[in-house]
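Let me begin by presenting the structure, written as structure tokens, before commenting on it.
The values are calculated or read from the model by the stated rules, or taken from the named source; none is laboratory data. On a predicted model such as this, the values are computed, not experimentally measured, just so you know. Reconstructed Cβ throughout: ideal geometry from the backbone, glycine too, with neighbour counts over all protein chains shown. The area values use the complete protein model at the heavy-atom level, side chains included, leaving out ligands, DNA and RNA. Shrake-Rupley method; radii C 1.70, N 1.55, O 1.52, S 1.80 Å.
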Amino acid sequence: MRSETEVPVSDNPYSIPVADRLKRLPPYLFGKINKVKYEKRVAGIDVIDLGMGNPTDPPDPLIQEKLAQALQDPKNHRYSVSNGIGNLRSEVAKRYWKKYGVRLNPDDEIIACIGSKEGYSHMCLGLMGPGDTAIVPSPTFPIHMYSVMLAAGNVIALDVRQPDVFLRNVAYTCEHLYPKPKVVVVNFPHNPSSTVIEQDFYVELVKLAKKYGFMVISDFAYADICFDGYFAPSFLSTPGAIDVGVELTSMSKSYSMAGWRIGFCAGNREMVRALATIKGYYDYGIFQAIQIAAIVAMRHCDAAVEGIATEYQGRRDALCDGLERLGWEIDRPKAGMFVWAKIPEPYAQMGSIDFSMKLLEEGGVAVSPGRGFGEDGEGYLRLAIVENTQRLRQAVREIGKCAPLEASRAAS
């Protein structure tokens, strides 16, 4: 605070020299859309928000009741251990064995995270530094790229929409790059493109990892949101996978516990130890009452998880049916909580950012422009199926009004 007699020096302002790592980050491409969305809501204008994979459904009542009960215990309000309480890690191990046939030691092969995003980010800090390179999938969920950059590493983004081609490109990169990539990141079911794979993909990936000496980080956040009988395979269920990598899971989507911020990293004990070391310096662990409620969720709420997947499948069908009736070409996702939609002509010529702004400003529908996920995302929109089916049908009607295909084709 200045004194009354102090004269501000306007010709020589004080500068704040931020760290170089921040200067490596590009402008936030979703910023303009978020600004308009906020302004509309402040003005009382309804916005159907399909832009973020943010579940709108509450967790199962049993989970909420356990949280309320745990809140009454004074011990749960103290600092918790940064790697997660023992019973929680044991429950994760049981779930991996029950669902995927994977045996994990809860003491040194599992660690609790403040959501999978935090676990991934801190894992990058624990594994990477200047001169290290990571291969990430493209189109790229932003944190997969920017966590590497914040750890001072380099990024090579490879198109993942044809998984067999992705594997060949990983091998080619390892053969021709020196030093070889240190980490390969995979994310199936993929965000944003909803690409899925079968177990043989991981078999080949493990072979490549052992041949070229890279580590694998599997982001498995959408493990339980599968449709039409598809079952998403776990990277860790592949023979030899635990020798070369880890897998990150989350309770955000499967249990509608996004705001609770709880997830897990499991797999190679040296990689888990690296993450535990970073977390030991950075945080005091997840609120213990949430960890206790998460134990109950995994023990008793399998039916709720199945119900959530069924609900998302109904939402997927409502959105895809509607867009197809408008004349859009839609590739229905087999998993995840997004529809990756190709922008129809002539609107594709606008670019995904401008078209997304058109839908928001004229139709009140917020979506994520594909360009926000890198160059390979241009020409597409990512639509989150987080609203109920009635709202999704309303979104389709608004899209049809502000971007009619028949009228635009006739004009062109």
Any chance GLY336 is in contact (Cβ under 8 Å) with a residue 24 or more places away in the chain and over 20 Å from the mean Cα position of the chain (by Cα)
no
For the list (1) open to solvent by less than 30 Å² (accessible area, probe 1.4 Å); (2) aromatic (Phe, Trp, Tyr); (3) part of a helix (DSSP H, G or I), I need the number of the one condition that TRP328 fails.
(3)
Any chance region 100-115 includes a residue that's open to solvent by 30 Å² or more (accessible area, probe 1.4 Å) and part of a helix (DSSP H, G or I)?
yes
Filter result (over 25 Å from GLU406 (Cα atoms), over 23 Å from the mean Cα position of the chain (by Cα) and open to solvent by 40 Å² or more (accessible area, probe 1.4 Å)) within region 296-325:
ARG299, HIS300, ALA303
Restricting attention to region 61-76, does a residue exist that is surrounded by 21 or more Cβ atoms within 10 Å (Cβ to Cβ), out of contact with any Ser or Thr (no Cβ under 8 Å at 6 or more places or on another chain) and within 30 Å of TYR146 (Cβ to Cβ)?
no
Of the criteria (1) in a helix (DSSP H, G or I); (2) crowded, with 24+ Cβ neighbours inside 10 Å; (3) in contact (Cβ under 8 Å) with a residue 60 or more places away in the chain, which one GLY84 fails
(1)
Here's a check for you: in region 118-128, which residue that is open to solvent by 10 Å² or more (accessible area, probe 1.4 Å) and either in contact (Cβ under 8 Å) with a residue 60 or more places away in the chain or not in a helix (DSSP H, G or I) (or both) is farthest from ILE85 (Cα to Cα)?
MET128
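For VAL272, state whether it is over 23 Å from PRO192 (Cβ atoms), at pLDDT 95 or above, in a helix (DSSP H, G or I) and touching a strand residue (DSSP E or B) at 6+ places or on another chain (Cβ under 8 Å).
In short, yes.
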Going by the structure shown, is GLY285 closer than 17 Å to ARG89 by Cα, at pLDDT below 95 and part of a helix (DSSP H, G or I)?
no
Exactly one condition in (1) touching a Gly at 6+ places or on another chain (Cβ under 9 Å); (2) open to solvent by less than 70 Å² (accessible area, probe 1.4 Å); (3) part of a helix (DSSP H, G or I); (4) of a type outside the set (Val, Ile, Thr) is false for GLY131; which is it?
(3)
I'm checking my understanding of the structure. Among residues of region 239-253 that are surrounded by fewer than 24 Cβ atoms within 10 Å (Cβ to Cβ) and free of Cβ contacts under 8 Å to residues at least 40 places away in the same chain, which one is nearest to GLN64 (Cα to Cα)?
ALA241
Checking GLN349 against (1) closer than 26 Å to ASP228 by Cβ; (2) assigned to a helix (DSSP H, G or I), which test does it fail?
(1)
Can you spot a residue in region 138-159 that is on the phi > 0 side of the Ramachandran plot, assigned to a loop (DSSP other than H, G, I, E, B) and of a type in the set (A, V, I, L, M)?
yes
Name the residue that is farthest from ASN268 (Cα to Cα), counting only residues in region 208-220 that are in contact (Cβ under 8 Å) with a residue 60 or more places away in the chain and open to solvent by 10 Å² or more (accessible area, probe 1.4 Å).
ASP219
Determine if region 352-364 includes at least one residue that is out of contact with any Cys (no Cβ under 7 Å at 6 or more places or on another chain) and not in a helix (DSSP H, G or I).
yes
When region 254-271 is checked residue by residue, the ones that are touching a helix residue (DSSP H, G or I) at 6+ places or on another chain (Cβ under 9 Å) and open to solvent by less than 30 Å² (accessible area, probe 1.4 Å) are SER254, TYR255, SER256, MET257, ILE262, GLY263, PHE264, CYS265, ALA266, GLY267, ASN268, MET271
